[in-house]
1. Could you grab the relative contact order for the stretch 155-204? Cα pairs under 8 Å, six or more apart, rounded to a whole percent.
2. Quick one: putting +1 on the C-beta of Lys and Arg, -1 on the C-beta of Asp and Glu, what dipole do you get for the stretch 80-177 around its Cα centre, in Debye to the nearest 20?
3. Pairs of Cα atoms under 8 Å, at least six residues apart: use those to get the relative contact order of the chain, whole percent.
4. Pull up all non-local amide H partners of Val472: gap of 5 or more, or a different chain, and H-to-H distance under 5 Å with H placed in the peptide plane.
5. How much area per residue is accessible in the stretch 191-241 when the probe is 1.4 Å and only protein heavy atoms are counted (Å²)?
6. Please work out the FRET efficiency for the pair Arg302 and Ala239, using the Cβ-Cβ distance as r and a Förster radius of 22 Å; give the result to the nearest 0.05.
7. Given Cβ point charges of +1 (Lys, Arg) and -1 (Asp, Glu) and nothing else, what value in debye, to the nearest 20, does the dipole of the stretch 145-232 about its Cα centre take?
8. Express the Stokes-Einstein translational diffusion coefficient of the stretch 449-509 in µm² s⁻¹, to the nearest whole number, given a Kirkwood radius over alpha-carbon pairs, 25 °C and a viscosity of 0.890 mPa s.
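The values are calculated or read from the model by the stated rules, or taken from the named source; none is laboratory data. Being a predicted model, the structure only gives us computed values, none of them experimental. All Cβ positions, glycine included, derive from the backbone under ideal geometry; neighbour counts span all protein chains shown. Remember, those area values only see protein heavy atoms, side chains included, never the ligands or the DNA or RNA. Shrake-Rupley method; radii C 1.70, N 1.55, O 1.52, S 1.80 Å.
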Amino acid sequence: MCDERFDLVILGGGVYGLSAAWDAALRGWKVAVLEKGDFGQATSSGSLKLIHGGLRYLQHLNFVRMRISINERRRMLTIAPHLVHPLEFVMPCYGHGIKGPEAMRMALLVNDVMSFDRNKGLSRPGRIPPGRIISKAECLELLPGIRAEGLTAGAIFYDGQMHNSERLTLSFGLSAAQQGAALANYVEATGFRVENRRIKAVRVRDTLSDRTFEVAGEWFLNMTGPWSDLTVRLLDSPAPDRQVVRSKGIQLVTHPLPPRVAFPIESRQRDATAVIKRGGRNYFVTPWRGMSILGTTDTLFRGAPEDYAVTQADVAEFLADLNALYPADLKPSDVRFWVGGLRPIGDEDTNPEHALASHKSQIRDHSREGGPDNLVSVVGIKYTVCRHIAQRALDHLVARRGGASAPCRTAVTPLAGGDIGDLESFLDSARRTAPPGTAEHLAHNYGARMKNVLALAANPEARELLPGSSEVLRAEVLHAVREEMALKLTDVVLRRTDLGTLGHPGRPALEEAVRLMAKELGWTPDRQQRELADAEAVYHLA
């Protein structure tokens, strides 16, 4: 990287930065991506695993945003059919007013009209069915335990869910790399070299070796999420004030709750931005890979982003709130795992106890603010629209740069592994080639790239499962190191495989994974112990 000059240097390797890298590389730009941790390690990994079509935006009468979400859901189902699938939701209806079946029937009708092309080009497994109203009895059968008093019906609608959000994020990076982009994880921006109001290079530090160097470029795109403000402050100081104010959101992975469909739980927090008031903002309970995910909270965070953590108090408060609203009787011991992140705060909520996340993505051209002529900052809000916002940012840079440039192709180009055709046919083929019991796991996580894992699994030892795991092969660890830039044990456990995304995988699995990585990367016994300690720390609440 330090020997080349790039057309575009992207700071931040979350899903937004990787989406932009893929877009730019497809347009023929020479691209570099610099990520201070691992790809998708921070906010991108803290999602509720939903790719949503924006039904709730009807409350805001924001039809433009709703159409964008609908379009992006269809595109995600198209470009990553192995990783994104439809998910059924049931919303209880109470009375006959704004929360009743009559209002919901109208909302579902508007949603179906707004999403008239939602299944265009999709094969049958990825198609989103129309919404419908069901009886009170059917609703109670689907959602045992919900409040029956005043219940008049239920409303069914469908959205998208990610099988593995970390693999989906990584797929954007793999796709960019396939187009020639240069990606580096564990490389932190420490400053800029600026001449005549233009950034010439970003100064960076390799956090694993502590080496420093520069990466030169023509344009710079700051997509560091919660760190965006701090990255810009590096223009003025190598050690800027690191205090920020953000919305803190967390999700909990628990044992499976009785409902086998997703459903909302109305919280006590108001949605101040809604035009049509239906009550509090919703928590959602969604079934996911044999567990349930509960989220999302909105609380105030003040401090440095690197100090963000999900705490015992966070979990206890969230569970207390949920148990008061729905008779799940969840205890801390029922929580298998937790994820979360920081988001920008909107202007709308002045309640000091809450921190309503902003509804608007931000694209800032710093040349308009007296800053460098070639720096643009992007702060995304929703995972669903990452591709769309990346396209907008690249369209802006193309206009600023001038000259000929290829159009955006990310809406119709399969992501790495996504070129599988019909999912059901692909799964049938996978069952004939994969080790027993692993076909669906490998097909959903890797798509067409599972052939690379199976090539490594030709070795009998690599074909074996990790101790205690029912699905993850030793070959996946080798694949993560050799082909997907896994440099730490946590990279493998949390972001290259799904070994540890449902909770602690067991000490034997961690020890075998670290043994395989040590052999590949030449780790000393001390380094192996540090890696194990770091992985164990993930499963302990602050």
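1. Taking the mean separation of contacting Cα pairs over the length of the stretch 155-204, I get 21 percent.
2. That gives a dipole near 180 debye.
3. Contact order relative to length: 18 percent.
4. Distant-sequence amide H within range of Val472: Leu466.
5. For the stretch 191-241, the per-residue accessible area is 48 Å².
6. My answer for the efficiency is 0.70.
7. That gives a dipole near 280 debye.
8. 212 µm²/s
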